[in-house]
1. Among (1) among the charged types (D, E, K, R); (2) in contact with a strand residue (DSSP E or B) (Cβ under 7 Å, 6 or more places away or on another chain); (3) more than 15 Å from the ligand (Cβ to nearest atom), which single condition is Arg76 missing?
2. Filter region 106-126 down to the residues that are within 16 Å of the chain's Cα centre (by Cα) and either surrounded by fewer than 19 Cβ atoms within 10 Å (Cβ to Cβ) or over 20 Å from Thr36 (Cβ atoms) (or both) and list them by number.
3. Which one of Ile166, Ile130, Ile135 is closer than 25 Å to Gln47 by Cβ and either surrounded by 13 or more Cβ atoms within 10 Å (Cβ to Cβ) or within 12 Å of the ligand (Cβ to nearest atom) (or both)?
4. Is it the case, given these coordinates, that Glu62 is of a type outside the set (A, V, I, L, M, F, W, C), surrounded by 12 or more Cβ atoms within 10 Å (Cβ to Cβ), closer than 22 Å to Lys15 by Cβ and more than 16 Å from the ligand (Cβ to nearest atom)?
5. Would you please list the contacts, defined by Cβ atoms under 8 Å and residues six or more apart or on different chains, that run from a residue in region 121-146 that is closer than 19 Å to Tyr7 by Cβ and in contact (Cβ under 8 Å) with a residue 60 or more places away in the chain to a residue that is among the β-branched types (Val, Ile, Thr) and in a helix (DSSP H, G or I)?
6. Here is a check on your reading of the model: is Phe33 within 15 Å of the ligand (Cβ to nearest atom), under 13 Å from the mean Cα position of the chain (by Cα) and under 22 Å from Glu145 (Cβ atoms)?
7. Only residues that are modelled with pLDDT of 95 or more and touching a Ser or Thr at 6+ places or on another chain (Cβ under 8 Å): list them for region 105-145, please.
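The values are calculated or read from the model by the stated rules, or taken from the named source; none is laboratory data. Computed from a predicted structure; not experimentally measured. Don't worry about glycine lacking a Cβ; one is built from the backbone with ideal geometry, like all the others, and counts go over all protein chains shown.
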Amino acid sequence: MITVLRYGHRPGRDKRVTTHCGLVARAFGADRFVLTTRDESVLRSLQDIVDRWGGPFEVAVEENWRQYLRGFRGTRVHLTMYGIPVDEAVKRIDPSQDLLVFVGAEKVPPEVYDVCELNVAVGNQPHSEIAALAIFLDRLFGGRELEREFRGKVRVEPMERGKKLINLEGSP
Ligand code: SAM
């Protein structure tokens, strides 16, 4: 079970980036996406995608993020440009344990660096939580996450040109 915890979402300002973190979490193999700030528009956007494109994928809110992080049983990974290289980190992750991936928006409090078992950098340059999450999950799964089947109402029929969407509910 892989949970992505999106820390410090600022409603309005971070709506698009947080929604994209949730979309990446789902599409790249995580099972749950947890917001530390309630934002109905983000929750609705993500739930709409899950309803149409499938899961299983859960979206939740944990406003007491400190208690949630401290109480998490498994491996806690904090994505930060100050951490150890991602390729070294994934070798240290025990796949039999639940995993929590902590990604920031605003400044991340110092205690997070101490509580998490691994502080992981996707390169040591500042960039984006969306990019960091995508690359971390891709390295973790070695690319196999892209082959995952989603049980949705629609699916894409891949083709060299054009766009084909299959409606799996059988309606015309
Ligand atoms: N200014 C904030 C701070 O000092 O904590 C960070 C802002 S950054 C745009 C938002 C998030 O992107 C970070 O909390 C981190 O999770 C992620 N991030 C950015 N660059 C990263 C990198 N090189 N490696 C891993 N994660 C990164």
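1. Every condition holds for Arg76 apart from (3).
2. Answer for region 106-126, where residues must be within 16 Å of the chain's Cα centre (by Cα) and either surrounded by fewer than 19 Cβ atoms within 10 Å (Cβ to Cβ) or over 20 Å from Thr36 (Cβ atoms) (or both): Ala121, Val122.
3. Just one listed residue meets the conditions, Ile130.
4. Yes: the conditions hold for Glu62.
5. Ser128/Val17; Glu129/Val17; Ile130/Val17; Ile130/Val24; Leu133/Val24; Ala134/Val24; Leu137/Val24
6. Considered against the rule, which asks whether it is within 15 Å of the ligand (Cβ to nearest atom), under 13 Å from the mean Cα position of the chain (by Cα) and under 22 Å from Glu145 (Cβ atoms), Phe33 comes out as yes.
7. Val108, Tyr113, Glu117, Leu118, Asn119, Val120, Ala121
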